[in-house]
1. Can you work out which of the residues in segment 1-14 that are surrounded by fewer than 19 Cβ atoms within 10 Å (Cβ to Cβ) and outside any loop (DSSP other than H, G, I, E, B) is nearest to the ligand (Cβ to nearest atom)?
2. Kindly indicate whether any position in segment 2-9 is under 14 Å from the mean Cα position of the chain (by Cα), at pLDDT below 90 and acidic (Asp, Glu).
3. Output the number of residues of segment 30-45 satisfying the condition of being assigned to a helix (DSSP H, G or I) and either under 14 Å from Asn17 (Cα atoms) or within 13 Å of the chain's Cα centre (by Cα) (or both).
4. Mind checking which residues of segment 57-77 are within 13 Å of the chain's Cα centre (by Cα) and part of a helix (DSSP H, G or I)?
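The values are calculated or read from the model by the stated rules, or taken from the named source; none is laboratory data. All of these numbers come straight from a predicted model, not from anything done at the bench. Ideal geometry is used to build each Cβ from the backbone, glycine not excepted, and the neighbour counts take in all protein chains shown.
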Amino acid sequence: MADHAKVVCSGRGDILNTGFGMGLVDTAIQSHDISYHTIIEAHPDVYTRMLATGWGEMPNVRVIFRRWQDVLPQLETYDCKKLTAASQTVAGPCVWFVKECS
Ligand SMILES: C[S@@+](CC[C@H](N)C(=O)[O-])C[C@H]1O[C@@H](n2cnc3c(N)ncnc32)[C@H](O)[C@@H]1O
């Protein structure tokens, strides 16, 4: 997880992660000096746990409670001009994206 976060955050841009799970990757991402961190999570129990543990109030974090397939078109218009798949976890639905900074 730490190595994935290091690669994804190397550009110090706006990071988008899909699937919070236990928050291991997102915690690792937060250890880097990035601009903004968007997390998309679809499971109500996970989302509730995220809010209970403060992820909804972090200054550079936005939590979107939706399926990533349903919000990617919106992200392309108001958040990410260009999305690049940086790596993919072994857990199937989790795909990482990093916004390329100009
Ligand atoms: C294996 S966990 C992710 C583990 C996480 N990377 C970590 O570091 O702990 C998968 C997560 O993806 C979420 N998920 C599955 N399908 C999703 C989808 N279509 N959109 C958003 N989140 C999804 C699940 O609810 C779960 O929280």
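1. The extreme case among them is His4.
2. No, there is no match, as no residue in segment 2-9 is under 14 Å from the mean Cα position of the chain (by Cα), at pLDDT below 90 and acidic (Asp, Glu).
3. Counting residues in segment 30-45 that are assigned to a helix (DSSP H, G or I) and either under 14 Å from Asn17 (Cα atoms) or within 13 Å of the chain's Cα centre (by Cα) (or both) gives 1.
4. Trp68, Val71, Leu72, Leu75
Residue-wise test of (1) surrounded by 17 or more Cβ atoms within 10 Å (Cβ to Cβ); (2) within 12 Å of the ligand (Cβ to nearest atom); (3) not polar (S, T, N, Q).
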{"site": "Leu16", "(1), (2), (3)": "yes, yes, yes"}
{"site": "Val25", "(1), (2), (3)": "yes, yes, yes"}
{"site": "Ala28", "(1), (2), (3)": "yes, yes, yes"}
{"site": "Ser31", "(1), (2), (3)": "no, no, no"}
{"site": "Ile34", "(1), (2), (3)": "yes, no, yes"}
{"site": "Pro44", "(1), (2), (3)": "no, yes, yes"}
{"site": "Arg49", "(1), (2), (3)": "no, yes, yes"}
{"site": "Ala52", "(1), (2), (3)": "no, no, yes"}
{"site": "Gln69", "(1), (2), (3)": "no, yes, no"}
